[in-house]
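Asker: Questions regarding the structure given below will be posed in turn.
The values are calculated or read from the model by the stated rules, or taken from the named source; none is laboratory data. Quick caveat: nothing in here was measured; it's all calculated off a predicted structure. Note that each Cβ is placed from the backbone with ideal geometry, even for glycine, and that neighbours are counted across all protein chains shown.
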Amino acid sequence: MNVLINKKLDLGDSIFGFTEFRYFRVEEMDDEAGFLLLQSEENESVGFIVVSPFHFYQDYEFKLNDEVIAGLQIEKPDDVAVFTIVTINQPFSRSTINLVAPIVINIKTGHGRQVILNDTSYLIHSALFPTTEGGI
Amino acid sequence: MLILSRKRGQTIVINQNIEIVITAIEGDQVKIGIQAPREYSIVRKEVMEDVKASNRKAISTSTSMKDLKEWVQSRKKTDKNKNIIRKL
């Protein structure tokens, strides 16, 4: 994840509902829990708070389909970083992450895309803190 | 919109490189097989709409950024307290 901080990412037209925004940069917000800001380079008012899903769901897994592997020119698992978009709710402990549509990035090229997982049991609004109140 | 009638097992071809086959019909549900070049992403429309709505809701605002920063601060304080308790 750290290798992506301040790097320019090309997400093509893959962010659902925001296909007009292509270039993003990653800003660090919190070094411990790993909250990052995925900020549009084209419109300062478009940004998403993202995290590594594995930080909150250690067992999270999905299979990348051939289409994504080919499209992002992924050669090996180490080339890949995964973010999920966080929806901040009130109170903060009720915030959610989207485990259905992770953002997959080739860290070598900076190309990435938001992918929808078909036939997954994960939820679009999965609890950010599934077991604890606010993680405290 | 073009509408074609098909029976189970019959296929529609789009552009000579996409094939859509009706594999099963059970009551009001049909199972559809799709063969397309791998650069085509295929998703259920309602899932895509839900993801769009979720993305729109997730757009960071000054309020959400403030909430996050406050949580980070409060957690750091809690961690510090835990450390103090450990030392005691």
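Asker: Those residues that are surrounded by fewer than 20 Cβ atoms within 10 Å (Cβ to Cβ) and within 10 Å of another protein chain (Cβ to nearest Cβ), I need them from the range A:40-55; list them, please. Don't jump to the end; show me each part of the working.
Answerer: Kept after step one, since they are surrounded by fewer than 20 Cβ atoms within 10 Å (Cβ to Cβ), are these residues of the range A:40-55: A:41-46, A:52, A:54-55.
Those that are surrounded by fewer than 20 Cβ atoms within 10 Å (Cβ to Cβ) and within 10 Å of another protein chain (Cβ to nearest Cβ): A:45, A:46.
Asker: Considering only chain B, give the strands (runs of 3 or more DSSP E) lying wholly within it that have at least 1 residues that are under 30 Å from residue A:96 (Cβ atoms). Before the answer, list the steps.
Answerer: Values: elements: B:11-14, B:18-26, B:29-35.
Where strands (runs of 3 or more DSSP E) fall fully within chain B and carry at least 1 residues being under 30 Å from residue A:96 (Cβ atoms), they are B:29-35.
Asker: Among the numbered criteria (1) surrounded by 11 or more Cβ atoms within 10 Å (Cβ to Cβ); (2) within 19 Å of residue A:124 (Cα to Cα), which one does residue A:58 miss?
Answerer: (1)
Asker: Just to verify a result, which residue in the range A:1-23, among those that are aromatic (Phe, Trp, Tyr) and farther than 22 Å from residue A:96 by Cα, is surrounded by the most Cβ atoms within 10 Å (Cβ to Cβ)?
Answerer: Going residue by residue through the range A:1-23, those that are aromatic (Phe, Trp, Tyr) are A:16, A:18, A:21, A:23.
Going one step further and asking which of them are farther than 22 Å from residue A:96 by Cα, we end up with A:21, A:23.
Values: A:21: 17, A:23: 14.
Among those that are aromatic (Phe, Trp, Tyr) and farther than 22 Å from residue A:96 by Cα, it is A:21.
Asker: Where in the range A:59-134 are there strands (runs of 3 or more DSSP E), lying wholly inside it, with at least 1 residues that are more than 9 Å from chain B (Cβ to nearest Cβ) and among the aromatic types (Phe, Trp, Tyr)? Please lay out each step first, then the result.
Answerer: Details: elements: A:80-87, A:103-106, A:111-114.
Result: A:80-87.
Asker: Okay, next question. Given the residues B:75, B:6, which is the only one that is surrounded by 14 or more Cβ atoms within 10 Å (Cβ to Cβ), more than 23 Å from residue A:113 (Cα to Cα) and within 12 Å of chain A (Cβ to nearest Cβ)? Even if it seems obvious, please write down each step before you answer.
Answerer: Values: B:6 fails: within 12 Å of chain A (Cβ to nearest Cβ).
Matching residue, one of B:75, B:6: B:75.
Okay, residues lined up against (1) modelled with pLDDT of 95 or more; (2) hydroxyl-bearing (Ser, Thr, Tyr); (3) closer than 29 Å to residue A:33 by Cα:
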residue	(1), (2), (3)
B:18	yes, no, no
B:23	yes, yes, no
B:51	yes, no, yes
B:54	yes, yes, yes
B:63	no, yes, yes
B:72	no, no, yes
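Asker: Sticking with this structure for a sec: Can you go through B:17, B:55 and tell me which one is among the polar types (S, T, N, Q), loosely packed, with under 11 Cβ neighbours inside 10 Å and out of contact with any Lys or Arg (no Cβ under 8 Å at 6 or more places or on another chain)?
Answerer: B:17
Asker: Separate question: List the pairs whose first member sits in the range B:54-72 and is facing chain A (nearest Cβ under 7 Å), whose second member is among the acidic types (Asp, Glu), and whose Cβ atoms are under 9 Å apart, counting only residues at least 6 apart or on separate chains?
Answerer: B:68/A:30; B:71/A:30; B:72/A:30; B:72/A:32
Asker: Now, a different point. Could we say that residue B:31 is modelled with pLDDT of 95 or more, loosely packed, with under 11 Cβ neighbours inside 10 Å and charged (D, E, K, R) here?
Answerer: Taking the combined requirement at face value, the residue does not satisfy it.
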